[in-house]
Amino acid sequence: MFILVMLMMILPLQQQAGVIEIKNAWMRPGAKDMNTALYFEVKNNSSQADTLYDAKSGLAERVEVHETYMQGDMMGMRPAKAVEIKANSTFKFQPGGHHVMFINLKQNLRKGSSAEVTLYFRHAGEIKIKPEVRK
Ligand SMILES: [Cu+2]
């Protein structure tokens, strides 16, 4: 009986794998007043598409979701309004592709230091991540 009561207390606390999972989040180190970027994988376990539409962090004056584009043989980047994560798929934010840009870091961001970023999804809502700072 005691065990049963314990189980009933524990089971609701076990969390299911999220509908949206963020994996392998990392950022490049950067110096104060400079820019850097955040990369990660978004795994959508749901049968419904979701959209990443914003990112926020206290680490920099501005945080923007960016996409990379080619103009002739020049590579540029620009803010992406929203990034669709298709149902049951993984979307990679990676060097040379989509990324989250940190503009004007408020302090030095050194290798091994901790960072906190909040990602905003239309359906999944806010997801807080702690990317690893590395090269
Ligand atoms: Cu960028």
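Every number here is computed from the coordinates shown, using simple stated rules; none is lab data. Note that the coordinates shown come from a computational prediction; the quantities given were computed from them, not determined experimentally. Using ideal geometry, Cβ is built from the backbone for each residue, glycine included, and neighbour counts are taken over all protein chains shown.
Couplings for the range 59-65, taken from phi via the Karplus curve 6.51 cos²θ - 1.76 cosθ + 1.60 with θ = phi - 60°, read 6, 9, 5, 9, 10, 10, 7 Hz in order; Gly and Pro are left as x. For the chain, the relative contact order is 32 percent, taking Cα pairs closer than 8 Å that sit 6 or more residues apart in sequence and dividing their mean separation by the residue count. Here the extension length gained between residue 74 and residue 107 equals 8.8 nm, from 0.36 nm per residue of separation less the Cα-Cα distance. Here each label is just a point 7 Å from Cα along the line to Cβ, and for residue 46 and residue 126 those points are 1.8 nm apart. The loop-placed trypsin sites (Lys or Arg not before Pro) in the range 10-107, going by DSSP, that have at most 11 neighbouring Cβ atoms within 10 Å of their Cβ come out as 32, 81, 86. Shape class for the range 47-98, computed from the alpha carbon gyration tensor (a ≥ b ≥ c): oblate, with a/c not under 1.5 and a/b at or below b/c.
Summing +1 for each Lys or Arg and -1 for each Asp or Glu among the other residues whose beta-carbon sits under 13 angstrom from that of residue 25 gives +3. List the lysines whose Cα lies under 29 Å from the Cα of residue 43, skipping any in the same chain that are fewer than 8 positions away. Result set, ordered by chain and number: 23, 56, 81, 86, 92, 111, 128, 130, 135. Extending 7 Å from Cα along the Cβ direction at residue 90 and again at residue 64 yields two label points whose distance is 2.9 nm.
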